[in-house]
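These notes concern the structure reproduced below.
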Amino acid sequence: MSTFEQLVFSGVQPTGNLHLGNYLGAIRRWVALQEDYNCIYCVVDQHAITQAMSVWGGPAELMRNTREVTAAFLASGIDPKKHIVFNQSRVRQHAELAWVFNCIARMGWLNRMTQFKDKAGKDRENASVGLFTYPNLMAADILAYRATHVPVGEDQKQHLELTRDIAQKFNTDFSGRIAELGLGVETQSGDETIASFFPLTEPVIGGPAARVMSLRDGTKKMSKSDPSDLSRINLIDDADTISKKIRKAKTDAEPLPSDVEGLKDRPEADNLVGIYAALIDANKEKVIGDFGGQQFSVFKPALADLAVERLAPIAAEMRRISADASYVDAVLKDGGERAALLAEKTLRNVRDIIGFLQD
Ligand code: AMP
Ligand code: TRP
């Protein structure tokens, strides 16, 4: 029985202000997965334009941010020779497959997406149609490569569930045709063995930094769009800025608890402990073991030193790589060419499955 080849896919939008949440929740974990999987990492520029131009900044800003995010991938340790790094819009097959998924996904499914509600805000009539169908394009990104594993932060969980629903509906709607063309991979669905064309992708979410919170408000996630720059540590912040932001981070007045249970109902303390844990690649228990009972006046400087030690080299490397736009562009071009070959293989099959005539 054939099985799906294991493959990792993930993406980040080029909307500026790449921050510690993006790094700890996503990019750092991508780096680790390179050891055991073939990986495809994408700068999702087509997703960026789903919001108002005032948010994504217009053409010059989009180009700048696309290169900057690429530089962040490379500076963090992603190897563009062994794996694939590219910007989404280069590979037309994503948009083509997204159209098919627009016709597979149901309005009701998309109506439940909390990210759309958050981003559209009160003025839903004025949100772009692209913002509404955003999750279908995301499913297309993943399934154009029939990727089996997707490492993301906690906030993307619902979108990955939708990706599975889309894959499942496509597989069942076209099951006869998939079998007739011999394109099915046998998979178990309850008691039945069915021939699936798309895998049901596994989310890879977790660890102490799956949801890094704002430094100003432990109940809100750290976000690119927060108006307060003090709320986040940007990957390009220098050492002094990182230290200052951690010193100024909101906390309560109690010392750190002596066990992790004591972090419940203390969102700011929990967040800082989680960040420390992720930066040393350990769990919160380890950090509480070392710092339990200590005041923030002790813990914050230790965290600031650690953050500077881990992040400053990445920022320096990002600056070095960004200075050479032609190198960054060459990485994206090469990655795009390799990605397109893989995606076209999938799309040829999809066209046949649906009944679109092609040569
Ligand atoms: P985005 O900036 O929305 O394109 O997100 C890029 C990646 O970073 C996604 O995998 C997100 O889930 C992840 N991410 C964004 N914000 C956070 C956060 N505050 N904590 C953890 N992961 C995050
Ligand atoms: N929606 C993701 C985010 O905002 C970015 C993204 C687009 C993505 N396509 C993807 C993530 C495919 C993983 C896989 O963070």
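The values are calculated or read from the model by the stated rules, or taken from the named source; none is laboratory data. Just so you know, these numbers come straight off a predicted model, no measurement behind them. Methodologically, a virtual Cβ is constructed for each residue, glycine included, from the backbone with ideal geometry; neighbour enumeration extends over all protein chains shown. Keep in mind that these areas ignore ligands, DNA and RNA; they rest on the heavy atoms of the full protein, side chains included. Shrake-Rupley method; radii C 1.70, N 1.55, O 1.52, S 1.80 Å.
Points worth noting:
- Members of region 238-265 that are open to solvent by 20 Å² or more (accessible area, probe 1.4 Å), in contact (Cβ under 8 Å) with a residue 40 or more places away in the chain and of a type outside the set (G, A, S): D238, R247, T251, P255
- Residue in region 301-322 that is farther than 30 Å from K82 by Cα, touching a Phe, Trp or Tyr at 6+ places or on another chain (Cβ under 6 Å) and outside the structural domain of I27 (by TED's automatic domain parsing) present: yes
- Close Cβ contacts (under 8 Å, 6 or more residues apart or on different chains) running from residues in region 25-37 that are assigned by TED's automatic domain parsing to the domain that holds I275 and within 12 Å of ligand 2 (Cβ to nearest atom) to residues that are among the polar types (S, T, N, Q) and open to solvent by 30 Å² or more (accessible area, probe 1.4 Å) are absent.
- Some residue of region 47-59 being closer than 26 Å to A307 by Cβ and within 10 Å of ligand 2 (Cβ to nearest atom): no
- Any hit, region 76-89, residues being open to solvent by 60 Å² or more (accessible area, probe 1.4 Å), touching a residue at least 12 places away in the same chain (Cβ under 8 Å), touching a helix residue (DSSP H, G or I) at 6+ places or on another chain (Cβ under 8 Å) and closer than 20 Å to D324 by Cβ: no
- Strands (runs of 3 or more DSSP E) wholly inside region 123-234 that include at least 1 residues being open to solvent by 20 Å² or more (accessible area, probe 1.4 Å) and either of a type in the set (S, T, Y) or away from ligand 1 (no atom under 14 Å from the Cβ) (or both): 185-189, 192-196, 202-204
- Residue within region 62-74 that is basic (K, R) and more than 20 Å from the chain's Cα centre (by Cα) present: no
- The listed residues are V204, V212, and the only one of them that is within 16 Å of ligand 2 (Cβ to nearest atom) and more than 26 Å from N102 (Cα to Cα) turns out to be V212.
- G274 satisfies every condition listed in (1) within 19 Å of the chain's Cα centre (by Cα); (2) open to solvent by 50 Å² or more (accessible area, probe 1.4 Å) except (2).
- Condition check for D141: of a type in the set (D, E) and within 10 Å of ligand 2 (Cβ to nearest atom): yes
- Boolean, Q188 is more than 16 Å from ligand 2 (Cβ to nearest atom), farther than 28 Å from T114 by Cα and in the same structural domain as T70 (by TED's automatic domain parsing): yes
- Some residue of region 313-330 being more than 23 Å from C42 (Cα to Cα) and surrounded by 16 or more Cβ atoms within 10 Å (Cβ to Cβ): no
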